[in-house]
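Asker: The structure follows.
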Amino acid sequence: MKTTKFSLSALVAMVIGALAFNSFDGGTISGKVTPVDGATEVWAISGMDTLKAPVTDGAFSVQSAKAGSYTVIIDAKDPYKDATLKDVKVEDGKVTDLGEIKLD
């Protein structure tokens, strides 16, 4: 019993310590696509940096985006057309919510 308590306490201390020194780099770009089954993935491009995220049930979240300006491309399924959003601003530690993006 003492070993289990000690092991659990040590594990909790390690997790708290790791989180205390973990820096949350970058920001997040999120949004929703309609129709919900109209896209497969989202690309965020800034200079030489390219990030991608899947679209799941119409929602996406591109994580670990460095602060800056991005072009976001929604990769649409046929018969819909890809959507491109330019000059999307990202700040470290913040979520940039693009809201609802309707595909044509």
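The values are calculated or read from the model by the stated rules, or taken from the named source; none is laboratory data. Predicted, not measured: the structure shown is a model, and the values here were computed from it. Because the Cβ atoms are built from the backbone with ideal geometry, glycine has one as well, and the counts that use them run over all protein chains shown.
Asker: Which is more than 13 Å from the chain's Cα centre (by Cα) and at pLDDT below 95, of Ala18, Ala39, Ala83?
Answerer: Ala18
Asker: Taking the condition part of a strand (DSSP E or B), out of contact with any Asp or Glu (no Cβ under 9 Å at 6 or more places or on another chain), closer than 12 Å to Leu98 by Cβ and touching a residue at least 24 places away in the same chain (Cβ under 8 Å), does Ser61 pass?
Answerer: yes
Asker: Answer yes if at least one residue in the range 3-10 is among the aliphatic types (A, V, I, L, M), out of contact with any Leu (no Cβ under 8 Å at 6 or more places or on another chain) and modelled with pLDDT under 95, and no otherwise.
Answerer: Yes; the residues of the range 3-10 include at least one that is among the aliphatic types (A, V, I, L, M), out of contact with any Leu (no Cβ under 8 Å at 6 or more places or on another chain) and modelled with pLDDT under 95.
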